[in-house]
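Notes for the one structure printed next.
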Amino acid sequence: MPFGNTHNQLKMNYSAAQEYPDLSKHNNHMAKVLTEELYAQLREKATPSGFTLDDVIQTGIDNPGHPFIMTVGCVAGDEETYEVFKELLDPVIEDRHGGYKPSDKHKTDLNPDHLKGGDDLDPDYVLSSRVRTGRSIRGFCLPPHCSRGERRAVEDLAVEGLGSLDGDLKGKYYALKNMTDEEQQQLIDDHFLFDKPVSPLLLASGMARDWPDARGIWHNDNKTFLVWVNEEDHLRVISMQKGGNMKEVFNRFCTGLTKIESLFKDKGHEFMWNEHLGYVLTCPSNLGTGLRAGVHVKLPCVSKHEKFGEILKRLRLQKRGTGGVDTAAVGGVFDISNADRLGFSEVDLVQMVVDGVKLLVEMEKRLEKGQSIDDLMPAQK
Amino acid sequence: MASTFTRVLSRKKTVGILSLVGAGSLMTGYLINKDKVHASAQSSRRRYPASAEYPDLRKHNNCMASHLTPAIYAELIDKATPNGFTLDQCIQTGVDNPGHPFIKTVGMVAGDEESYQVFAELFNPVIKERHNGYDPQIMRHPTDLDASKIRSGVFDERYVLSSRVRTGRSIRGLALPPACTRAERREVERVVADALSGLKEDLLGRYYSLTEMTEKEQQQLIDDHFLFDKPVSPLLTCSGMARDWPDARGIWHNNEKTFLVWVNEEDHTRVISMEKGGNMKRVFERFCKGLKEVERLIKEKGWEFMWNERLGYVLTCPSNLGTGLRAGVHISLPRLSKDPRFPKILDNLRLQKRGTGGVDTAAVGSTFDISNLDRLGKSEVELVQTVIDGVNYLVECEKRLEKGQDIKIPPPLSQIK
């Protein structure tokens, strides 16, 4: 967060020991990695745009974490953060992304033809399908660090790019600060509207500054393709629809993203991407694909099975309540999505969801009939 | 690296330079080092013109928004205090909190003592609006902590349940809560706790650091109504003063529980003198004695409080400049509070009412927190006397109403205009 004297060199008047944060009660990825020695080594550095180590870690200091949930505890202020502070971020990334090493290469695959199946998930069980990711525009600072001018420039570029989409992707932009009450209500009813963040994890990083300036929502007329501008990342891109046709959702996702990318390139802008980290986003947890593909699926029997947790783990899936992260399931309906983000391509991850959900629905049908599911137990992916 | 001037600021020896009165010397010091200290946008940061960065304040209702024109913004945007604090950092809280149609918040904070000079073009009109026309460019603020000047000041305890005086003090040379680094904040804690440990007799007491307190100590402090929480108000959190909580925060109080100091909450220190009952004179005597003792003890170690004759005691929020003093009572006024003339009476006496939970709370039953409205332009003695005279008048009114007699709205006290 670009606050005060942690954001400049004045702290160098004090020793590293005097400035080193008290992390004794902390339980997040940053706290596990940031020793006093590492702090001393990195604290004088800043990215070319002026983001410092203290800016990276402020959210992790202010939010000690939870005994059960391991949060990341650091954010990037620009693309260079991941390079300048790699002695901190590489181990955090490795720990968070299942052993992903600094020398590993990430595969990007947005060709929907590579997905096998996915168009036949049983709609009696699979109520809706959704794929989301994020994109950052190269050369602009990220939400924790950007100035108002930069954030507005990102909005302008996004609106211009999205305004050129046509066909079933043709749509409209709703700026948060200009929205009418009627528009606002419609967006709430469609479950599209995002609020000013309240989570201290986000607020402490500074990404909610100047709300709602330069924030907005774009969606196509069919309400199946949606882009959030300047929320937690420059852009969050979402493709969704009712029912179980994940293939169609992923098709639209890939088509839309590819079109948006080429529209940006026409104007001389590209997305932040490199072959080690894939797509670069604000939170290290969203690196790589930044992709979460998920369904809302009815699993009242399977979810009560003693091996439910184990099954999900082997399938590399995670469960959430239908309100999203941090919510509980209601009426046996779960949000099931991929657990990974980095080290697997987009096609890989959606394939895991498609195959995994298919299996879970099959298990549900067996258990409904009182039959065993032992022969269906998957191997660890 | 920090410039020589900047480095010098953080050592106590520099107090000589900074205690020169007036904006001129500080501005000179700033200008010498203008090249060395830039606002955060440096080197290869994307630069936009001031017009592209100017905040959208059309839906805002706070003092900052009322006075921050695009011209003033453009004028001040590339400046920074010697500590590197910028205009955008001062106003962030006001941008993030548009305000309320009925309550006009200040909407900006200082990151250090120099903020009030470097950004004077914005701070001055805000101060003038908030403090009834006080003009820092031409007026002088009187400081007077001589409690012997107080007349009367012992209230009828059938009405006045408790008496309290609070203020804040900042340690010169160390940045304020919105801007300070962890080490600076820890230094404030060290300097203050060290000084407080030198207090004796009825002021003898103990420091409880928020990070080290035991559960038992915590419960006791809650029961005594002494413990302060991590701020939740976005007015405060948006300014950055809650960073690194609870590092270097703590509470000191004397054994008698009548003198209390908060360390590194909204200001470097908040100093509170209080007791049950109506002896405001004694509360203020202890207040003055304690403050002077603490000042003497920090001076022994080469430190001093932020003060100048234009703004008085310098604190984080412009609303607390001058005396930073709020003297108040918890008072039961069942009849008067229902009289339609009550608000006007308070207004003319330069008093304000709050609920007994403090600012933003409602009164319970007919017990109110009544305190002075003003902070800057009048001395501590003047303000406490105003509260004493005012509360005496309110008690008189209540008694008259009890007897079925009529009451009068008093003539308005003089204000600064």
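Coordinate-derived values only; no laboratory data. Since the structure is predicted, the reported quantities are computational estimates derived from the model, not experimental observations. Glycine gets a Cβ as well: all are built from the backbone with ideal geometry, and neighbour counts include every protein chain shown.
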Kirkwood Rh, the stretch B:295-398, all Cα pairs: how many Å? 15.2 Å
The ³J(HN,Hα) series, computed from each phi in the stretch B:64-71 with the Karplus coefficients 6.51, -1.76 and 1.60 at θ = phi - 60°, rounded to the nearest Hz and given as x for glycine or proline, is 4, 5, 5, 10, 7, 7, x, 5
Taking a point 7 angstrom from the Cα of B:ASP156 along the C-beta vector, which residues in the stretch B:329-348 have backbone N less than 15 Å away? B:331-337
As a test of the formula, what do you get for chain A when each DSSP H run with n ≥ 4 contributes -39,500 (n - 2.57) and the sum is divided by the residue count, at 222 nm and rounded to the nearest 500 deg cm²/dmol? -9500 deg cm²/dmol
Farthest toward positive dipole pole in the stretch B:302-392 [+1 Lys/Arg, -1 Asp/Glu at C-beta], among B:LEU376, B:LEU351, B:TYR313: B:LEU351
Long-range amide H partners of B:TRP307, meaning residues 5 or more apart or on another chain whose placed amide H is closer than 5 Å, are B:VAL314
Nitroxide proxy distance, nm - points 7 Å out along Cα→Cβ at B:GLN218 and B:VAL364: 2.3 nm
Using only alpha-carbon positions, what ratio does the radius of gyration of the stretch A:88-156 give when scaled by 2.2 N^0.38 Å? 1.68
Just want the answer: with Cβ charges of +1 for Lys and Arg and -1 for Asp and Glu, which residue in A:GLY118, A:GLY99, A:LEU89 is farthest toward the dipole's positive end in the stretch A:86-161? A:LEU89
If you put +1 on each Lys and Arg Cβ and -1 on each Asp and Glu Cβ, how big is the dipole of chain A around its Cα centre, in Debye rounded to 20? 540 debye
Which loop-located trypsin sites (Lys or Arg not before Pro) does the stretch A:259-303 contain, where loop means any DSSP state but H, G, I, E or B and the Cβ has at most 11 other Cβ atoms within 10 Å? A:LYS267
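Please report the projected area of chain B's Cα convex hull averaged over all directions, in nm².
Values: hull surface 84.4 nm².
Taking a quarter of the hull surface, the average projection is 21.1 nm².
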HN-Hα J couplings of the stretch B:129-136 from phi, Karplus 6.51/-1.76/1.60, θ = phi - 60°, integer Hz, Gly and Pro as x? 5, 5, 10, 6, x, 5, 10, x
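Restricting to Cα pairs below 8 Å that are 6+ residues apart, what does the relative contact order work out to for chain A? Please round to a whole percent.
Taking the mean separation of contacting Cα pairs over the length of chain A, I get 20 percent.
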Relative contact order (percent) for the stretch B:248-342, with alpha-carbon contacts under 8 angstrom and 6 or more residues of separation? 14 percent
Tell me which residues come under 5 Å, amide H to amide H, from B:GLY99 once H is placed; ignore anything under 5 positions away on its chain. B:ASN61
Karplus-derived 3J(HN,Hα) from phi for the stretch B:329-342 (6.51 cos²θ - 1.76 cosθ + 1.60, θ = phi - 60°), whole Hz, x at Gly and Pro, runs 10, 9, 9, 9, 9, x, 8, 4, 5, 8, 6, x, 8, 3
Compactness relative to 2.2 N^0.38 Å, alpha carbon Rg of the protein assembly as shown: 1.08
Please report the spacing between the Cα centers of the stretch B:381-417 and the stretch B:89-154 in Å, no decimals. 26 Å
Lone Cys, chain A, Cβ cut-off 4.7 Å -> A:CYS74, A:CYS254, A:CYS283, A:CYS301
At q = 0.28, 0.30, 0.31, 0.34 Å⁻¹, base-10 log of I(q)/I(0) for the stretch A:249-292 (Debye sum, equal scatterers on each alpha carbon): -1.04, -1.05, -1.05, -1.06
Please state the charge dipole magnitude for the stretch B:263-417, taken about the Cα centre, from unit charges on C-beta atoms (+1 on K and R, -1 on D and E), reported in debye and rounded to the nearest 20. 380 debye
Do any trypsin sites (Lys or Arg not before Pro) in the stretch A:139-205 lie in a DSSP loop with no more than 15 other beta carbon atoms within 10 Å, and if so, which? A:LYS170, A:LYS177
How large is the charge dipole for the stretch A:60-200, taken about the Cα centre, if only the Cβ atoms of Lys, Arg (+1) and Asp, Glu (-1) carry charge, to the nearest 20 debye? 400 debye
Between helix B:182-196 and chain B, what is the angle of the helix's C-alpha long axis to the longest principal axis, kept within 0 to 90° and rounded to the nearest 10? 40 degrees
Amide H to amide H, which residues 5 or more places from B:THR269 or on other chains are under 5 Å from it, using H placed in the peptide plane? B:ARG169, B:ASN264
Could you give me the radius of gyration and the Dmax of the stretch A:5-151, taking only the C-alpha atoms into account and expressing both in angstrom? 19.2, 65
Which residues make up the longest stretch of chain B that has no GluC sites (Glu not before Pro) in a DSSP loop with at most 13 other Cβ atoms within 10 Å? B:1-156
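Once you keep just the Cα pairs under 8 angstrom separated by 6 or more residues, what percentage relative contact order results for chain B? Don't skip to the answer; put the middle values down first.
On the way: 764 pairs, mean separation 80.5, N = 417.
Taking the mean separation of contacting Cα pairs over the length of chain B, I get 19 percent.
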The simple spin-label model distance between B:GLU396 and A:GLU183, using points 7 Å out along Cα→Cβ, in nm, is 6.0 nm
What does the convex hull of the alpha-carbon atoms of the stretch B:80-200 project to on average, in nm²? 12.0 nm²
If I take all pairs of Cα atoms in the stretch A:145-304, what percentage of them are more than 24 Å from each other? 39 percent
Tell me the mean residue ellipticity at 222 nm calculated for chain B from its helices only (DSSP H runs of n ≥ 4, each -39500 (n - 2.57), averaged over every residue, nearest 500). -9500 deg cm²/dmol
Please list, by residue number, every one of the GluC sites (Glu not before Pro) in the stretch A:20-105 that is coil in DSSP and has at most 14 other beta-carbon atoms within 10 Å. A:GLU44
Taking each pair of distinct Cα atoms in the stretch A:241-381 once, what is the resulting Kirkwood hydrodynamic radius in Å? 16.6 Å
Across the Cα atoms of chain A, what radius of gyration and what greatest pairwise Cα-Cα distance (Dmax) are found, in Å? 21.3, 71
So for the stretch A:130-279, taking the charge dipole from beta-carbon charges (+1 Lys/Arg, -1 Asp/Glu), which of A:ILE137, A:TYR279, A:SER205 sits furthest toward the positive end? A:TYR279
